[in-house]
1. Just checking, does the range 13-35 include any residue being touching a Cys at 6+ places or on another chain (Cβ under 7 Å) and closer than 20 Å to GLY117 by Cβ?
2. Just a yes or no: is a residue in the range 154-163 part of a helix (DSSP H, G or I), touching a residue at least 12 places away in the same chain (Cβ under 8 Å), of a type in the set (D, E, K, R) and surrounded by fewer than 17 Cβ atoms within 10 Å (Cβ to Cβ)?
3. Is it the case, given these coordinates, that SER17 is closer than 21 Å to ILE203 by Cα and out of contact with any helix residue (DSSP H, G or I) (no Cβ under 9 Å at 6 or more places or on another chain)?
4. Taking the range 189-208 only, how many residues are of a type outside the set (A, V, I, L, M) and closer than 24 Å to ILE149 by Cα?
5. Between residues in the range 242-257 that are closer than 19 Å to LEU162 by Cβ and residues that are part of a helix (DSSP H, G or I) and not polar (S, T, N, Q), which pairs lie under 6 Å by C-beta distance while being six or more apart or on different chains?
6. Scan the range 86-128 for residues that are out of contact with any Phe, Trp or Tyr (no Cβ under 6 Å at 6 or more places or on another chain), farther than 19 Å from LEU250 by Cα and not β-branched (Val, Ile, Thr) and report the count.
7. Can you tell me which of LEU201, LEU228 is surrounded by 20 or more Cβ atoms within 10 Å (Cβ to Cβ), outside any loop (DSSP other than H, G, I, E, B), touching a residue at least 12 places away in the same chain (Cβ under 8 Å) and aliphatic (A, V, I, L, M)?
8. SER144: closer than 28 Å to LEU109 by Cβ and in a helix (DSSP H, G or I), yes or no?
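The values are calculated or read from the model by the stated rules, or taken from the named source; none is laboratory data. Quick caveat, the model's predicted, so the values are computed rather than measured. Here Cβ is always computed from backbone atoms with ideal geometry, including for glycine, and neighbour counts include all displayed protein chains. The protein model used for the area step is the full one, side chains on, heavy atoms only, and it has no ligands, DNA or RNA in it. Shrake-Rupley method; radii C 1.70, N 1.55, O 1.52, S 1.80 Å.
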Amino acid sequence: MKNTMLIGDTQVSVYGSGPTLVMCHGFTTTAKFWREQIGTFSQTHRVVVLDLPGHGRSPRPADRKYTIDAFVADLELIFETLVITDAVLIGLSMGGTVSQHFALKNPGLLKALVLVGATPHGLGPAVQVHNVLEAIERLGVEQSSQDVIDRSFGSCASSELLAFAKNEVINTPAFVAREAIVSLNAADSRPLLAKLKMPTLVICGEEDQITPPDQSLNLAKGIPHATLELLKKAGHFPMLEQPERFNAALRSFVDRISA
């Protein structure tokens, strides 16, 4: 059963019941990037997925901020509204940055943290902020976002999967993308990682060009109770590219911290 609601400027969908998993997507992507996890995990958990403001099906008002701090505040409102006090927070890419900063501010609301294709600071060489901003100006946000998708998947990704992703990322307007990428590039949790005391799983595709595996390794090394899972034949979106392996790793982690 699916329950969809608007919380502040965020469209939120809730599936299933039980312990809570909150899934936060990345830059210009959407809640649909968790499509391979929702059905499986909603059988045993309450799965909360969201379109960050300005992304997907959420509103994009011009009079608000589209920064990491603003997204953290949006996530805090969701936790308050849905009375979430003991969740596993799962963040992809930019959503992983949002999740780190949320966890630093609200450790008492989280049972554990899962960071997918994430870094403690910045992005990989394939998506430097000045290149992204230049491409938005030169090509338009739709084409530039789709070009990033072309570099985001591993060698085994199907054409159908690329087409799905390209269709999703065109929903984010340029003014949202510009502010979000600048804020993402500036965010730096490196000095604070040791304060993340909750169990943490870091997952990265071995072929990830957007946030390369060495950055995930640094992230895992900086968090006291973190483990790193590298998935073969996957790029920046391992939950879509290798859903069975991804789900097995996530299930093992969730079961372990619940035991």
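1. Looking for residues that are touching a Cys at 6+ places or on another chain (Cβ under 7 Å) and closer than 20 Å to GLY117 by Cβ, one finds none in the range 13-35, hence no.
2. Initially, the range 154-163 is screened for residues part of a helix (DSSP H, G or I), giving 159-163.
The next check asks that each one be touching a residue at least 12 places away in the same chain (Cβ under 8 Å); those that pass are 161-162.
Now restrict to residues that are of a type in the set (D, E, K, R): none.
No - not one qualifying residue is present in the range 154-163.
3. On the way: closer than 21 Å to ILE203 by Cα: no; out of contact with any helix residue (DSSP H, G or I) (no Cβ under 9 Å at 6 or more places or on another chain): yes.
Spelling it out, it is not the case that SER17 is closer than 21 Å to ILE203 by Cα and out of contact with any helix residue (DSSP H, G or I) (no Cβ under 9 Å at 6 or more places or on another chain).
4. Of the range 189-208, the ones of a type outside the set (A, V, I, L, M) are 189-191, 195, 197, 199-200, 204-208.
Pick out the ones that are also closer than 24 Å to ILE149 by Cα and you get 204-208.
Counting residues in the range 189-208 that are of a type outside the set (A, V, I, L, M) and closer than 24 Å to ILE149 by Cα gives 5.
5. Filtered contacts from the range 242-257: PRO243/GLU36; PHE246/PRO238; PHE246/MET239.
6. Final tally of qualifying residues: 15.
7. Values: LEU228 fails: surrounded by 20 or more Cβ atoms within 10 Å (Cβ to Cβ).
Checking each option against the conditions leaves just LEU201.
8. Working: closer than 28 Å to LEU109 by Cβ: no; in a helix (DSSP H, G or I): yes.
Taking the combined requirement at face value, the residue does not satisfy it.
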